[in-house]
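Visitor: One structure follows; several queries about it will come next.
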Amino acid sequence: MSVIARLAGLPGVLLGLHERQLDPDPIRQFRRWLAFARRAGCFWPTSFCLSTVGGDGRPAGRMMLLKGVDERGFAFYTHVVGRKADEMRQVPYAAMTFHWNELIRQVRVEGRVEPIPRDEAEAYFATRPRMSQIGAWASRQSQPLASRREFMNRCREFEERFRGREVPLPPHWGGYRVVPATIEFWQGRPNRLHDRFRYTRVHDGTWTLQRLYP
Ligand SMILES: Cc1cc2nc3c(=O)[nH]c(=O)nc-3n(C[C@H](O)[C@H](O)[C@H](O)COP(=O)(O)O)c2cc1C
């Protein structure tokens with residue numbers, strides 16, 4: 001079934017976003033939009049652009065996959081040695097931008113970055129397909145690579161090393177959580193007269209909600 005056909009059965013996505021529809025808790029609101037994107041058949045609904053800033057003040061962005069969201073924040077997994085990891089060590093803040101093209105929706109999350117505890121990363125790593133686990137051991141993320149063959153050879157070496165047993169979490173791999181300070185929901189509407197709402201966390205942990213000009 002096409003995305004549009006699926007949407008026909010879903011409530012008013014193009015009718016705009018109204019304050020009364022928004023959950024007072026932006027995490028619940030985000031989960032609602034993510035579930036909607038899944039039901040609508042959006043491709044890779046958990047993908048987002050992760051923006052970081054290095055010590056030189058220059059921004060960098062790359063796509064990632066969200067692996068969990070709850071009251072603690074937004075979790076993703078990657079190499080903890082590499083360009084983005086270096087940047088998040090230097091400047092522990094990040095922005096995540098979700099875009100559900102078919103729904104004309106965007107969510108922007110900004111906040112402080114925290115490493116995910118090793119036991120939690122281990123539990124997640126254990127759920128990954130074995131070849132992805134081997135790839136995590138074999139990759140030296142962000143480093144120059146002379147040839148694809150070199151990478152494949154390293155994969156074979158690690159397959160051999162872990163033959164017949166579980167692949168453990170590599171020391172150079174793990175997760176991060178963005179603890180949101182602001183979360184903005186954007187709904188596209190005709191004639192560029194879009195709707196935007198930004199939640200901002202206040203000191204007592206509650207959230208304020210503000211409509212913004214598009
Ligand atoms: C849709 C999509 C999802 C991705 N998800 C991840 C991910 O969850 N973790 C990851 O390490 N890289 C992921 N990548 C690759 C990253 O975009 C990036 O190339 C890699 O993490 C290296 O980034 P860095 O050199 O800035 O550290 C994904 C790429 C795409 C296109």
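Here, each number is a calculation from the coordinates, and none is a lab measurement. In this text the structure is predicted, and so the values were computed from the model without any measurement. Positions of Cβ are backbone-derived with ideal geometry, glycine not excepted, and every protein chain shown enters the neighbour counts.
Visitor: Could you go through region 184-200 and let me know if any residue there is assigned to a helix (DSSP H, G or I) and among the basic types (K, R).
Guide: Yes, region 184-200 contains a residue that is assigned to a helix (DSSP H, G or I) and among the basic types (K, R).
Visitor: A further question on this structure: Give region 40-53 a look and list any residue that's surrounded by 20 or more Cβ atoms within 10 Å (Cβ to Cβ) and among the hydroxyl-bearing types (S, T, Y), or say none.
Guide: T52
Visitor: Would you point out the residue of region 54-110, among those that are among the acidic types (D, E) and buried (at least 16 other Cβ atoms within 10 Å of the Cβ), that is farthest from the ligand (Cβ to nearest atom)?
Guide: The extreme case among them is E110.
Visitor: With the requirement that a residue be in contact with a helix residue (DSSP H, G or I) (Cβ under 6 Å, 6 or more places away or on another chain) and free of Cβ contacts under 8 Å to residues at least 12 places away in the same chain, what does region 13-62 give you?
Guide: D23
Visitor: Between residues in region 184-199 that are touching a residue at least 12 places away in the same chain (Cβ under 8 Å) and closer than 18 Å to F48 by Cα and residues that are among the polar types (S, T, N, Q) and not in a strand (DSSP E or B), which pairs lie under 9 Å by C-beta distance while being six or more apart or on different chains?
Guide: What qualifies is F185/Q29.
Visitor: Go through region 111-131 residue by residue and tally those that are in contact (Cβ under 8 Å) with a residue 60 or more places away in the chain and either among the hydrophobic types (A, V, I, L, M, F, W, C) or within 12 Å of the ligand (Cβ to nearest atom) (or both).
Guide: The number of residues fulfilling the criteria is 2.
Visitor: Then there is this: Would you check if I134 is free of Cβ contacts under 8 Å to residues at least 40 places away in the same chain and buried (at least 17 other Cβ atoms within 10 Å of the Cβ)?
Guide: Taking the combined requirement at face value, the residue satisfies it.
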